[in-house]
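The values are calculated or read from the model by the stated rules, or taken from the named source; none is laboratory data. Please read these numbers as outputs of a predicted model, since none were measured by experiment. Ideal geometry is used to build each Cβ from the backbone, glycine not excepted, and the neighbour counts take in all protein chains shown. We work out accessible area using only protein heavy atoms, side chains counted, and drop any ligands, DNA or RNA first. Shrake-Rupley method; radii C 1.70, N 1.55, O 1.52, S 1.80 Å.
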Amino acid sequence: MENAVVIDELVVTRGRRPVLHGLSCAVPPGSVTGLLGPSGSGKTTLMRCVVGVQKIRSGSVTVLGRPAGSPSLRHTVGYVTQAPSIYADLTVRENARYFASLYGVGPREADRAIADVGLRQAGDQLVTTLSGGQRARASLACALISRPGLLVLDEPTVGQDPVLRNDLWQQFHALAEAGTTLLVSSHVMDEAGRCDRLILIRDGRIVADDTPAAVRAATGTDDLDEAFLRLVLARENQEKVSP
Amino acid sequence: MSARITLHTTARILRQLRHDPRTIGLLLVVPALLLTLMRYVFDSQPAIFDRVGVIMLGVFPFVAMFLVTSVAMLRERTTGTLERLLTTPAHKLDLLFGYALAFALAAAVQAAVAAGLAYALLDLTTAGSAWTVAGLAIANAVLGMAIGLLVSAFARSEFQAVQFMPAFVLPQLLLCGLIWPRDQMAGWLEKISNVMPMTYAVDALIEVSHHADATATMWRDVTVVVGCIVVALLLGAATLRRRTA
């Protein structure tokens, strides 16, 4: 099957600082792909490229067969930023219903999305009064409403308690089984094991692009954090030998 | 763009306003209080209040909507909701017209309260009708909104956005003919005031206060104001970028 996202030789600079250095990778459809790497490695920039809000220097990003940011993709790509981007002076329900209206979807779908992220009880609460974790989930709910074909989630599980995190990951896999492609970023390696596929990046370069099992096998360790370290060290040694 | 998305955006902005009763109170009460204050400042000269009061009925909505819009738009930018909206089917113009409609409605209520008070209790007298004055007040509000929206693109923080009020609005207020007739200013000041939108907004109100029927000058003024609104909105749309560095 054709890949949901294809990134080819992507170069992005912000200001004078290069952020992504000719990066190429692909996201298979109907799966949960984890984008992992330390803070500042270029995860958010890469995600912004996929949703088409980032100016790129060269290379290409193809999403569901079209150039990223094409008008027709706006109905099918859902994006949740790292900082919850919803209206703090509206209730959760008012936020969800507004985003539903943008996609031409009814209030029932909005209420379903709120329930899906476990905020049914907080539906009438103003977003300002929510905890950080609840806000992140409210923001997520607004992206689930339109049942997008591709969901791009920037660190969606940060600050969530372990039980909720578990729920969210189960939901991500349920969505993937129903045909949605998910690209989920995280800087926590213990979440890597929950993904169908991993893209590990560091300093704007790909360190590994494989299944968690293959990454473990290639590095000879079960601990993905350790695997990441070994991959980085191996690459650095390689660079020392052949600069 | 779509009428449905525009109207839902208007409803969303009004809902945000409804959750902030203190701002609503300030928007309605402050102009009324200031008008009352002016009425009694010019207690011995009711003719001056007739001249200045009618201008203030247009200036209040301009200033209020300029401030409210520039801060609201800045929030859309800084909280990431703007970027998010631009990844949805919503068009830039849906957002701009959504704001224009929402704040025009808010301004209509504000103008109704202020004009009602001025005519009913403060004995404001104008040759033209109170309805025309209220209509011009709404046009001024939309003008303030459109300019506020545009300048918000150049503010990085709410502090800066608020400082744009004295920077962009006060000079216009000083030069528009409110405190001194324009033809008696230094010639170069008059020339500057000729290219400021508020000059025409205020001139239209002066026309209404002197003439029972709409004059050609008033229609020219209204045309200039509407033109400025359109230009400011188009420039504002150009500052809303889907793709940013």
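Is it the case that some residue within the stretch A:129-143 is closer than 19 Å to A:Thr33 by Cα and not assigned by TED's automatic domain parsing to the domain that holds A:Glu191? Yes; the residues of the stretch A:129-143 include at least one that is closer than 19 Å to A:Thr33 by Cα and not assigned by TED's automatic domain parsing to the domain that holds A:Glu191. Against the conditions (1) within 19 Å of A:Gly149 (Cβ to Cβ); (2) surrounded by 20 or more Cβ atoms within 10 Å (Cβ to Cβ); (3) not aliphatic (A, V, I, L, M), A:Gln54 satisfies every one except (1).
In the list A:Gly69, A:Gly149, A:Gly104, which residue meets the criterion of being at the interface with chain B (Cβ under 10 Å from one of its Cβ atoms) and crowded, with 18+ Cβ neighbours inside 10 Å? Step through it out loud before you land on a result.
Numbers: A:Gly149 fails: at the interface with chain B (Cβ under 10 Å from one of its Cβ atoms); A:Gly104 fails: crowded, with 18+ Cβ neighbours inside 10 Å.
Only one candidate qualifies: A:Gly69.
Screening A:Thr45, A:Thr62 for residues that are of a type in the set (Val, Ile, Thr), in the same structural domain as A:Glu226 (by TED's automatic domain parsing) and open to solvent by 20 Å² or more (accessible area, probe 1.4 Å) leaves exactly one candidate, A:Thr62. A:Ser139 - would you say it is out of contact with any helix residue (DSSP H, G or I) (no Cβ under 8 Å at 6 or more places or on another chain) and either open to solvent by less than 50 Å² (accessible area, probe 1.4 Å) or not hydrophobic (A, V, I, L, M, F, W, C) (or both)? So A:Ser139 passes the test.
When B:Ala102, B:Ala108, B:Ala112 are checked against the criterion of being open to solvent by less than 20 Å² (accessible area, probe 1.4 Å) and under 16 Å from the mean Cα position of the chain (by Cα), B:Ala102 stands alone in meeting it.
Yes/no per residue for (1) within 11 Å of another protein chain (Cβ to nearest Cβ); (2) free of Cβ contacts under 8 Å to residues at least 60 places away in the same chain:
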| residue | (1), (2) |
| --- | --- |
| B:Ile5 | yes, no |
| B:Leu33 | no, yes |
| B:Leu57 | no, no |
| B:Met73 | no, no |
| B:Thr88 | yes, yes |
| B:Phe97 | no, no |
| B:Ala106 | no, no |
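Filter the stretch A:128-137 down to residues that are over 20 Å from the mean Cα position of the chain (by Cα) and of a type outside the set (A, V, I, L, M) and give me whichever is farthest from the other protein chains (Cβ to nearest Cβ). Across the stretch A:128-137, the extreme among qualifying residues is A:Ser131.
Selection of the stretch A:28-66 for residues being β-branched (Val, Ile, Thr), within 14 Å of chain B (Cβ to nearest Cβ) and not in a helix (DSSP H, G or I) yields A:Val53, A:Ile56, A:Val61, A:Val63.
What do you reckon, is A:Leu119 without any contact (Cβ under 8 Å) to a residue 40 or more places away in the chain and open to solvent by less than 40 Å² (accessible area, probe 1.4 Å)? So A:Leu119 passes the test. Of the helices (runs of 4 or more DSSP H) lying entirely inside the stretch B:133-239, those carrying at least 3 residues that are crowded, with 22+ Cβ neighbours inside 10 Å are B:197-210, B:216-239.
Given the condition within 14 Å of chain A (Cβ to nearest Cβ), at pLDDT 90 or above and not in a helix (DSSP H, G or I), answer yes or no: does some residue in the stretch B:45-54 qualify? For the stretch B:45-54, residues within 14 Å of chain A (Cβ to nearest Cβ), at pLDDT 90 or above and not in a helix (DSSP H, G or I): absent. Considering only residues in the stretch A:107-127 that are of a type in the set (A, V, I, L, M, F, W, C) and closer than 16 Å to A:Arg147 by Cβ, the one that is nearest to the other protein chains (Cβ to nearest Cβ) turns out to be A:Ala110.
Residue pairs whose Cβ atoms lie under 6 Å apart, sitting 6 or more positions apart in sequence or on different chains, and linking a residue in the stretch B:203-229 that is under 13 Å from B:Val133 (Cα atoms) to a partner that is of a type outside the set (A, V, I, L, M, F, W, C) and in a helix (DSSP H, G or I), are B:Asp203/B:Asp221; B:Ala204/B:Asp221; B:Leu205/B:Gly58; B:Glu207/B:Thr217; B:Val208/B:Thr132; B:Met218/B:Glu207. Does the stretch B:151-173 contain any residue that is closer than 25 Å to B:Ala238 by Cβ and within 11 Å of the chain's Cα centre (by Cα)? Within the stretch B:151-173, one or more residues are closer than 25 Å to B:Ala238 by Cβ and within 11 Å of the chain's Cα centre (by Cα).
When the stretch B:221-242 is limited to residues that are small (Gly, Ala, Ser) and touching a Leu at 6+ places or on another chain (Cβ under 8 Å), the one that is nearest to B:Met196 (Cα to Cα) turns out to be B:Ala232.
In the stretch A:83-90, the count of residues that are open to solvent by 10 Å² or more (accessible area, probe 1.4 Å), farther than 30 Å from A:Gly40 by Cα, without any contact (Cβ under 8 Å) to a residue 60 or more places away in the chain and more than 7 Å from every other protein chain (Cβ to nearest Cβ) is zero. Taken as a whole, the condition of being modelled with pLDDT under 90 and either in contact with a Cys (Cβ under 8 Å, 6 or more places away or on another chain) or on the phi > 0 side of the Ramachandran plot (or both) applies to B:Arg182.
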